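Beneath this line is the structure, given in C-alpha cells, with notes to follow.
Nothing in this text is a laboratory measurement; each read-out follows from the coordinates by a stated rule. On a predicted model such as this, the values are computed, not experimentally measured, just so you know. As a convention, Cβ positions derive from the backbone with ideal geometry for all residues, glycine included, and neighbour counts pool all protein chains shown.
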Amino acid sequence: MTERLLDLIEAWGYIGIAIAMFLENVFPPIPSEVIMGLTGMAIADGRLGFAEAVIAGTVGAVAGNYVWYQIGRVVGYQRFKPLIDRWGRWLTLDWAEVEKIKNIFVRYDSVIVFWARFLPTVRTMISLPAGMMKMSPLKFIWWTTLGSGIWNCVLIGAGYILKQEFSQFEEYYGPVSIVMIVAIVVLYLYRVATWKPNQP
C-alpha cells in the first residue's frame, strides 16, 4: 500500500495527492494520516513543496466532503425519517435521537464541522448531516477548508519529522488497523443487540 501511494505521489505529484485525498473522503479506502504522512516524506526528500502539498491535500479533502454534503442536501432531513423507522435498529438510532442530534447541529454547526475534521471517519460523515440541515454551502466549505488545512499541516509535518521511522509505518499499521476494525465491529454488534428505542 505504501509503495503504491508513493508511486501515485511521485507520478502525479500534487494532482495525485488531491485525487488520493478526494477518494479517501468519498470512499475512505486509505486513511488521510497515511496519505499526508507519505507526502511529508516526499517533502523531506525535496520532491514536493510544503505549501503546495497542503493546498493539494486540502482541495481534495474539501471536494470529497462536498460530495457527501450534496448527497445530504438532496436526501433532506424529512426523507431520512422512513430510513430510520425501517432500519433504526441497525443504525442504533430512533427518530427522537435524530431530532436531538439535529438541534445540536443547528446550534453549533460551524464548530462541529470544524472540529470533526480532526476525527477519523467522523470527518467525512459529518458532511451528510451538514447537507441535510441545509447548512450554507459557503460556510460549509470555509470551515471544512480551515479544519482540513490545519489537519493536513499537522500530518505532513509529522511525516516530515518522522521520515526515518515512517518507512516502517506500514509494518505496524496493518495489524493495528485490523485490531481497531475488529473492536469497532464487536462494539457495533453489542450496541445492536442491546439497543432499545426510546419510548414515545
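In angstrom, the C-alpha Rg and Dmax of segment 109-161 are 11.8, 40.
Here the calculated FRET efficiency for Ala11 and Ala51, from their Cβ-Cβ distance with R0 = 22 Å, stands at 0.55, rounded to the nearest 0.05. Peptide packing: for 17-25, 44-52, 133-141, 155-163, the average count of neighbouring Cβ atoms within 10 Å per residue gives the ranking 17-25, 155-163, 133-141, 44-52, highest mean first. Applying Stokes-Einstein at 10 °C and 1.306 mPa s to the Kirkwood radius of segment 8-163, computed over alpha-carbon pairs, gives a translational diffusion coefficient of 98 µm² s⁻¹.
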